[in-house]
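Quick notes on the structure that follows.
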Amino acid sequence: MAGMKTASGDYIDSSWELRVFVGEEDPEAESVTLRVTGESHIGGVLLKIVEQINRKQDWSDHAIWWEQKRQWLLQTHWTLDKYGILADARLFFGPQHRPVILRLPNRRALRLRASFSQPLFQAVAAICRLLSIRHPEELSLLRAPEKKEKKKKEKEPEEELYDLSKVVLAGGVAPALFRGMPAHFSDSAQTEACYHMLSRPQPPPDPLLLQRLPRPSSLSDKTQLHSRWLDSSRCLMQQGIKAGDALWLRFKYYSFFDLDPKTDPVRLTQLYEQARWDLLLEEIDCTEEEMMVFAALQYHINKLSQSGEVGEPAGTDPGLDDLDVALSNLEVKLEGSAPTDVLDSLTTIPELKDHLRIFRPRKLTLKGYRQHWVVFKETTLSYYKSQDEAPGDPIQQLNLKGCEVVPDVNVSGQKFCIKLLVPSPEGMSEIYLRCQDQQYARWMAGCRLASKGRTMADSSYTSEVQAILAFLSLQRTGSGGPGNHPHGPDASAEGLNPYGLVAPRFQRKFKAKQLTPRILEAHQNVAQLSLAEAQLRFIQAWQSLPDFGISYVMVRFKGSRKDEILGIANNRLIRIDLAVGDVVKTWRFSNMRQWNVNWDIRQVAIEFDEHINVAFSCVSASCRIVHEYIGGYIFLSTRERARGEELDEDLFLQLTGGHEAF
Amino acid sequence: MGESSEDIDQMFSTLLGEMDLLTQSLGVDTLPPPDPNPPRAEFNYSVGFKDLNESLNALEDQDLDALMADLVADISEAEQRTIQAQKESLQNQHHSASLQASIFSGAASLGYGTNVAATGISQYEDDLPPPPADPVLDLPLPPPPPEPLSQLVVKVHMNDNSTKSLMVDERQLARDVLDNLFEKTHCDCNVDWCLYEIYPELQIERFFEDHENVVEVLSDWTRDTENKILFLEKEEKYAVFKNPQNFYLDNRGKKESKETNEKMNAKNKESLLEESFCGTSIIVPELEGALYLKEDGKKSWKRRYFLLRASGIYYVPKGKTKTSRDLACFIQFENVNIYYGTQHKMKYKAPTDYCFVLKHPQIQKESQYIKYLCCDDTRTLNQWVMGIRIAKYGKTLYDNYQRAVAKAGLASRWTNLGTVNAAAPAQPSTGPKTGTTQPNGQIPQATHSVSAVLQEAQRHAETSKDKKPALGNHHDPAVPRAPHAPKSSLPPPPPVRRSSDTSGSPATPLKAKGTGGGGLPAPPDDFLPPPPPPPPLDDPELPPPPPDFMEPPPDFVPPPPPSYAGIAGSELPPPPPPPPAPAPAPVPDSARPPPAVAKRPPVPPKRQENPGHPGGAGGGEQDFMSDLMKALQKKRGNVS
């Protein structure tokens, strides 16, 4: 025992006084003074501190932080000597888990407790477990960007802050599902709302906000983001993060393993959100056509999520699936065995018959639209001079199977045209149908189904009609289209604005009424997708972009005089010209033999097969970020092999860790 | 033809009877009855095929046995479908029903012409004596009498200028037709065989993708068409899967890289394929360059800079850069097929003869809606065509390939087994479906069977064409031969496709872990005490993956003749002896590159990866066989 005294009060052992502050790093904090020797174990010191404080509290999460060395004293069996602690050490006795504000990929803020003492890799894994995101190795944390002091006029609206800081997870076990969500979310209405925020796509952002948010204008702007990644082998405390700080949670490595809509609602949604924001903020470029598909998917996803058709938590009950199969089999059998039913359904294929105006563009013709009697049956469109001639031969008959259907609609101009490009052995014949407002949706839906070889008897016909009507009402912005205003919290009064679905540069390029029909056109191909399917489709389309998954860093290659961009993707490194943006050279990881980091001169050297050597120093970000990216991707590529195994954290830290000892 | 015509008739009618029974037992797969409306005039199938009665009359003698073979194939196919239907319902694939239904409805619209053929069959059947009670094939009949499938007789031109007439029903995919042709032609069944459509008028041609519905494609042809269907080998068909580096890693215009590409080893190829086709989304090769575009309606060609993206072909408008935001869409692939153009230099004054054409499949004549493009050389041409196919068909292409590979390898094996089936029912249960029995005394390697089949298949596939070494794993239960002698020189068995490790050398860091990093010492950190184990992967003693030298793969086993015997169980020859126990697993090479592989057992292939594609990944083939066995066993049980 330290602190043996003589009768006169002199200490006769080698003990000395150690002052420990209680609380987080705060010079004003209360402190306790202990009598210790160099042989005292940390565990004993902890015990003494608690005794001295003499307060009833759960101290189990507390540990000692050594300020000067920026180090936690977590090895309770180590002695003070082993740690090298002397009387001048500034020690803080504080909690290891502290609250942070996490900015999620969907741009919502969430308060939760993160570990400040474990390596970031573990801390992120714990956060992901709490949020029920599988494969935490793909995510990491970024420092929030410095907030530029804006003029006081622009008051940011108070945003909702979700709070999970009181939720404690039992370690180790995967949280059980309860009422379709992980059990720890179902404790209170508040956490339940939080789960909905996590697992359901957010409504489209306000177009004005979209225009205000910073967007990268050049490649070098795109490098900025990557300078903010935190170090995954060190703890938050060591990286200067304080309790209550804001951090961004993002998918860092663009290699998404085993993406399964059924088991991963939160992961899928957050990934979708990150992809969506990537596109909206022009972090990744796409073509006009691709943007329309993205917009259509967003529109569709938003519609589904607002209308509450989130889809039952599928896959929870395999028995139910069996039942479904059995039922559908039965259905098929019944249909097969009862020919009369089939006959009925065949004979009652709905037809459309009406007066429409038709225009066939031909060379050297000045004829405009002409009124015809049009009959649409199965997939065939026939038109006659008048209704009386209908039993006879039509002027023309067109089988719409495989045709292209393009809407040409201007609601305010009361123009409802359907442009058809009908293939025939001779080529495509073009024909325009001009409908009345109330005719349009039915004819359009019929044309679309016919182009896919389906008739109006198809079950999707009604939903197709509804989708078209819904979209038409979108165009009547201001007039308050009926039925399309979802009851969701953020469905603004003016209806859906197509500008919220596309990147701002398209806002400048197109008027809203130009944009809407194009989105509608793209929407017809995705209208039948479920929420999860649509999200997955969105992610896939995002992944198919040529620039997908490239993280940009500004570097200076050895022997080069100008800065260049290094793009890091999941399978390759790309050398990119900074000014022009052209790819200069690509190296694949599969050809990489080794990479080294010289921490002194901040240089990364890589050797590829056939003695190709590359070396560069990092300009825009620390070279440890580049190093961690490379190592991380290589770690991720080993996952396929280790499928089903526990995450090999040591390997990850070994591949990404830097100069610190483990 | 030694047999008398009576014999043929007898057999023929038996077969028809069988077929009827089998079709009737297709509880799930029933077609809706024919539309009561009278056939429309414009639908006429006189293209390359006629209705059955007519063709029967018209057919010459040697075509009769061709048709017989077809019928056999049909029966076995019907059987297959029954089983598949059962299987599918077992596998919770309730959507398959709707899927097939949609295929039907697709076919239904072109059904009028074919109905003639269908009725032809049924009338014929009425005259037939009741089918003889076959102890093997007597299935319990479900009540609904469905409509027989409508069939077409298609004339296929072989590469020796002969033709074969073939029955194709409206549900058959190009893959099925190819399988039929394999049986008829005794060819080597390698993956390059394809159905090929040529349009003499437009001078364009293309191969059918294996998943395409043949009748549907043919229905786009006009009545008086000169179009033909060929059966031939085209190595372009699956070139990307044999040498993915030529499409994915080609550095334009750099000769040295081209050479290194040729040398890419099998393992890297595999990881490249996996990366490109097995992720959440497939990767379309990055392809861009100047091509000539034929201007609408003119014979002049304009050079433009084109880029391929997953969403379509784009070009760089005048005065713009090739950044994504400036690109203008040239065409999207949804409604067009890609064709090779032949001799367009002559026909359209194209700058070169390396042309490809994009058009809607229904367009059969010259039209401004046909897009003609022209490349500088054949390599570029092949890259574009393949790239467009990948963008258009996506993962389906890879699934097709894997089926083709499986088929190529299985062709000999399963036709052997096919005759054995009845006698030795336990045999095919090695399939992953059952998964429990390993009658061959197989070493317990989790689920090797798929891999073995695939690899064997792969070997077969590759043997015939180029002398590529087989991809590892030498379990070869079917081919009775001594184990290969120089086992140690073999490369370690690469993990099964899909489950394999992703790359060779990036795995080397794992090595660094073992050795504690012998390489470049990283300068120690400022104050942290122990010098850190450096991250570098310096690993000088690690040799590159061993070159693939090994003896050429076993000789090709010719497929046995198409056997009608498969139907008439009583006429079976004595079953061949069961395959010998397979060769032991190759001894892992000492110079195995990634130690991590050694640490972990090979990952079992994931069978259920995409249950949506029936038989998509070769495993289906086996599933089918084991299911067939079960069905047969069941049947026997019913009889006895």
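The values are calculated or read from the model by the stated rules, or taken from the named source; none is laboratory data. Just so we're clear, the structure is a prediction, and the values are computed from it rather than from any experiment. Don't worry about glycine lacking a Cβ; one is built from the backbone with ideal geometry, like all the others, and counts go over all protein chains shown. SASA here: full protein model, heavy atoms, side chains in, ligands and nucleic acids out. Shrake-Rupley method; radii C 1.70, N 1.55, O 1.52, S 1.80 Å.
Find the helices (runs of 4 or more DSSP H) located wholly in region A:242-356 whose residues include 2 or more that are under 30 Å from B:LEU327 (Cα atoms), modelled with pLDDT of 55 or more and in contact with a Cys (Cβ under 9 Å, 6 or more places away or on another chain), and list them.
On the way: elements: A:265-280, A:288-306, A:318-337, A:339-347.
In region A:242-356, A:288-306 are the helices (runs of 4 or more DSSP H) which contain 2 or more residues that are under 30 Å from B:LEU327 (Cα atoms), modelled with pLDDT of 55 or more and in contact with a Cys (Cβ under 9 Å, 6 or more places away or on another chain).
Got at least one residue in region A:493-502 being modelled with pLDDT of 80 or more, over 19 Å from A:ILE418 (Cα atoms) and surrounded by fewer than 21 Cβ atoms within 10 Å (Cβ to Cβ)?
Here is the first cut: in region A:493-502, the ones modelled with pLDDT of 80 or more are A:498-502.
Imposing the further condition that a residue be over 19 Å from A:ILE418 (Cα atoms) reduces the set to A:498-502.
Now restrict to residues that are surrounded by fewer than 21 Cβ atoms within 10 Å (Cβ to Cβ): none.
No, the conditions are met nowhere in region A:493-502.
Would you call A:SER165 open to solvent by less than 30 Å² (accessible area, probe 1.4 Å), modelled with pLDDT of 90 or more, part of a loop (DSSP other than H, G, I, E, B) and farther than 20 Å from A:PHE251 by Cα?
Details: open to solvent by less than 30 Å² (accessible area, probe 1.4 Å): yes; modelled with pLDDT of 90 or more: no; part of a loop (DSSP other than H, G, I, E, B): yes; farther than 20 Å from A:PHE251 by Cα: yes.
Judged against the criteria, A:SER165 is not a match.
Output the residue which, of all residues in region B:191-204 that are open to solvent by 10 Å² or more (accessible area, probe 1.4 Å) and in a strand (DSSP E or B), is nearest to the other protein chains (Cβ to nearest Cβ). If you could, list the steps in order and put the result at the bottom.
At the first step, the residues of region B:191-204 found to be open to solvent by 10 Å² or more (accessible area, probe 1.4 Å) are B:193, B:198, B:200-201, B:203.
Subset that is in a strand (DSSP E or B): B:193, B:198.
Working: B:TRP193: 28, B:ILE198: 16 Å.
Of everything passing the filter in region B:191-204, B:ILE198 is nearest to the other protein chains (Cβ to nearest Cβ).
Does A:ILE241 satisfy the condition of being among the β-branched types (Val, Ile, Thr) and over 30 Å from B:CYS278 (Cβ atoms)? Even if it seems obvious, please write down each step before you answer.
On the way: among the β-branched types (Val, Ile, Thr): yes; over 30 Å from B:CYS278 (Cβ atoms): yes.
The answer is yes for A:ILE241.
Read through the list (1) assigned to a helix (DSSP H, G or I); (2) among the β-branched types (Val, Ile, Thr); (3) under 22 Å from the mean Cα position of the chain (by Cα), then give the number of the only condition that A:VAL526 fails.
All conditions are met except number (1).
Quick one: which residue in A:TRP65, A:TRP59, A:TRP72 is aromatic (Phe, Trp, Tyr) and assigned to a loop (DSSP other than H, G, I, E, B)? Explain how you work it out, then say what you get.
Details: A:TRP65 fails: assigned to a loop (DSSP other than H, G, I, E, B); A:TRP72 fails: assigned to a loop (DSSP other than H, G, I, E, B).
Of A:TRP65, A:TRP59, A:TRP72, the one residue that is aromatic (Phe, Trp, Tyr) and assigned to a loop (DSSP other than H, G, I, E, B) is A:TRP59.
Under the condition of being out of contact with any Pro (no Cβ under 8 Å at 6 or more places or on another chain) and open to solvent by 70 Å² or more (accessible area, probe 1.4 Å), which residue from region B:284-314 is modelled with the lowest pLDDT?
B:GLY297
Pick out the one residue from A:LEU47, A:LEU18 that is under 25 Å from A:SER115 (Cβ atoms) and either of a type in the set (A, V, I, L, M) or not in a loop (DSSP other than H, G, I, E, B) (or both).
Numbers: A:LEU18 fails: under 25 Å from A:SER115 (Cβ atoms).
It is A:LEU47.
Quick one: B:GLY297 ticks every box in (1) touching a residue at least 60 places away in the same chain (Cβ under 8 Å); (2) more than 8 Å from chain A (Cβ to nearest Cβ); (3) on the phi < 0 side of the Ramachandran plot bar one, so which box is it?
It fails just one condition, (3).
Looking only at region B:205-241, which residues are open to solvent by 30 Å² or more (accessible area, probe 1.4 Å) and of a type in the set (D, E, K, R)?
Those that are open to solvent by 30 Å² or more (accessible area, probe 1.4 Å) and of a type in the set (D, E, K, R): B:GLU205, B:GLU216, B:ASP220, B:ARG223, B:ASP224, B:GLU226, B:LYS228, B:GLU233, B:LYS234, B:GLU235, B:GLU236.
Need pairs with beta-carbon distance below 8 Å; first residue at positive phi and facing chain A (nearest Cβ under 7 Å) and within region B:317-334, second in a loop (DSSP other than H, G, I, E, B) and buried (at least 16 other Cβ atoms within 10 Å of the Cβ); sequence gap 6+ or separate chains.
none
Open to solvent by 30 Å² or more (accessible area, probe 1.4 Å), modelled with pLDDT under 90, assigned to a helix (DSSP H, G or I) and not acidic (Asp, Glu) - does that describe any residue in region B:267-278? First the steps, then the outcome.
From region B:267-278, those open to solvent by 30 Å² or more (accessible area, probe 1.4 Å) are B:267, B:275, B:278; that's our starting set.
From what's left, modelled with pLDDT under 90: B:267, B:275, B:278.
The next check asks that each one be assigned to a helix (DSSP H, G or I); those that pass are B:267, B:275.
From the residues that got through so far, the ones that are not acidic (Asp, Glu) too are B:267.
Checking region B:267-278: at least one residue is open to solvent by 30 Å² or more (accessible area, probe 1.4 Å), modelled with pLDDT under 90, assigned to a helix (DSSP H, G or I) and not acidic (Asp, Glu).
Counting only residues that are buried (at least 18 other Cβ atoms within 10 Å of the Cβ) and either modelled with pLDDT of 95 or more or assigned to a strand (DSSP E or B) (or both), how many does region B:359-374 have?
Going through region B:359-374 one residue at a time, the tally reaches 4.
Report, by residue number, each residue of region B:345-358 that is within 26 Å of A:ASN399 (Cα to Cα) and either facing chain A (nearest Cβ under 9 Å) or in a loop (DSSP other than H, G, I, E, B) (or both). Write out each step before concluding.
Filtering region B:345-358 down to residues within 26 Å of A:ASN399 (Cα to Cα) leaves B:357-358.
Scanning region B:345-358 gives no hits.
What about B:ASN251, is it at pLDDT 90 or above and within 14 Å of another protein chain (Cβ to nearest Cβ)? So that I can check it myself, show each step before the final result.
Details: at pLDDT 90 or above: no; within 14 Å of another protein chain (Cβ to nearest Cβ): yes.
Against the criterion (at pLDDT 90 or above and within 14 Å of another protein chain (Cβ to nearest Cβ)), B:ASN251 does not qualify.
In region A:446-471, what residues are assigned to a helix (DSSP H, G or I) and within 17 Å of B:GLU334 (Cα to Cα)? Let's see the steps before the verdict.
Let us first name the residues in region A:446-471 that are assigned to a helix (DSSP H, G or I), namely A:446-451, A:460-471.
Once the filter is applied, which keeps residues that are assigned to a helix (DSSP H, G or I) and within 17 Å of B:GLU334 (Cα to Cα), region A:446-471 yields A:CYS447, A:ARG448, A:LEU449, A:ALA450, A:SER451.
Among the candidates A:ASP609, A:ASP563, which residue alone is open to solvent by less than 50 Å² (accessible area, probe 1.4 Å) and touching a Leu at 6+ places or on another chain (Cβ under 9 Å)?
Values: A:ASP609 fails: touching a Leu at 6+ places or on another chain (Cβ under 9 Å).
Result of the check over A:ASP609, A:ASP563: A:ASP563.
State whether one or more residues within region B:350-359 are among the aliphatic types (A, V, I, L, M), closer than 19 Å to B:ARG309 by Cα and in contact (Cβ under 8 Å) with a residue 24 or more places away in the chain.
First, the residues of region B:350-359 that are among the aliphatic types (A, V, I, L, M): B:350, B:357-358.
After this cut, where a residue has to be closer than 19 Å to B:ARG309 by Cα as well, the list is B:357-358.
Retained after the next criterion (residues that are in contact (Cβ under 8 Å) with a residue 24 or more places away in the chain): B:357-358.
Yes.
Quick check on my filter: what residues within region A:542-553 are of a type in the set (Gly, Ala, Ser), at negative phi and open to solvent by less than 30 Å² (accessible area, probe 1.4 Å)? Show your work before the answer.
As a first pass, look at region A:542-553 and keep what is of a type in the set (Gly, Ala, Ser): A:544, A:549, A:551.
Cutting the leftovers down to at negative phi gives us A:544, A:551.
Listed by number, the list holds a single entry, A:SER551.
Here are some residues: A:ASP245, A:ASP258, A:ASP231, A:ASP221. Which one is surrounded by fewer than 18 Cβ atoms within 10 Å (Cβ to Cβ), within 14 Å of chain B (Cβ to nearest Cβ) and not hydroxyl-bearing (Ser, Thr, Tyr)? Steps first, answer last, please.
Working: A:ASP245 fails: within 14 Å of chain B (Cβ to nearest Cβ); A:ASP231 fails: surrounded by fewer than 18 Cβ atoms within 10 Å (Cβ to Cβ); A:ASP221 fails: within 14 Å of chain B (Cβ to nearest Cβ).
A:ASP258 is the lone residue from the list that is surrounded by fewer than 18 Cβ atoms within 10 Å (Cβ to Cβ), within 14 Å of chain B (Cβ to nearest Cβ) and not hydroxyl-bearing (Ser, Thr, Tyr).
Please verify whether A:GLN439 is open to solvent by 50 Å² or more (accessible area, probe 1.4 Å) and more than 14 Å from chain B (Cβ to nearest Cβ), treating the condition exactly as stated.
no
Can you list the strands (runs of 3 or more DSSP E) found entirely within region A:83-128 that contain at least 2 residues being under 24 Å from A:SER60 (Cβ atoms), of a type in the set (Lys, Arg) and open to solvent by 10 Å² or more (accessible area, probe 1.4 Å)?
Because the criterion is at least 2 residues that are under 24 Å from A:SER60 (Cβ atoms), of a type in the set (Lys, Arg) and open to solvent by 10 Å² or more (accessible area, probe 1.4 Å), the strands (runs of 3 or more DSSP E) in region A:83-128 that meet it are A:109-115.
Any residue at all in region A:555-576 that's in contact with an Asp or Glu (Cβ under 7 Å, 6 or more places away or on another chain) and at pLDDT below 90? Let's see the steps before the verdict.
Here is the first cut: in region A:555-576, the ones in contact with an Asp or Glu (Cβ under 7 Å, 6 or more places away or on another chain) are A:555-557, A:564, A:571, A:575-576.
From what's left, at pLDDT below 90: A:571.
Within region A:555-576, one or more residues are in contact with an Asp or Glu (Cβ under 7 Å, 6 or more places away or on another chain) and at pLDDT below 90.
What about B:ILE388, is it within 26 Å of B:TRP221 (Cα to Cα), in contact with a strand residue (DSSP E or B) (Cβ under 8 Å, 6 or more places away or on another chain), open to solvent by less than 10 Å² (accessible area, probe 1.4 Å) and in a loop (DSSP other than H, G, I, E, B)?
Values: within 26 Å of B:TRP221 (Cα to Cα): yes; in contact with a strand residue (DSSP E or B) (Cβ under 8 Å, 6 or more places away or on another chain): yes; open to solvent by less than 10 Å² (accessible area, probe 1.4 Å): yes; in a loop (DSSP other than H, G, I, E, B): no.
For B:ILE388, the condition - within 26 Å of B:TRP221 (Cα to Cα), in contact with a strand residue (DSSP E or B) (Cβ under 8 Å, 6 or more places away or on another chain), open to solvent by less than 10 Å² (accessible area, probe 1.4 Å) and in a loop (DSSP other than H, G, I, E, B) - is not met.
Of all strands (runs of 3 or more DSSP E) completely enclosed by region A:543-662, which ones contain at least 1 residues that are away from chain B (no Cβ under 12 Å) and closer than 24 Å to A:ARG228 by Cα? Break it down stepwise before answering.
Values: elements: A:551-557, A:564-568, A:572-576, A:583-588, A:592-598, A:603-608, A:612-618.
In region A:543-662, A:551-557, A:564-568, A:572-576, A:612-618 are the strands (runs of 3 or more DSSP E) which contain 1 or more residues that are away from chain B (no Cβ under 12 Å) and closer than 24 Å to A:ARG228 by Cα.
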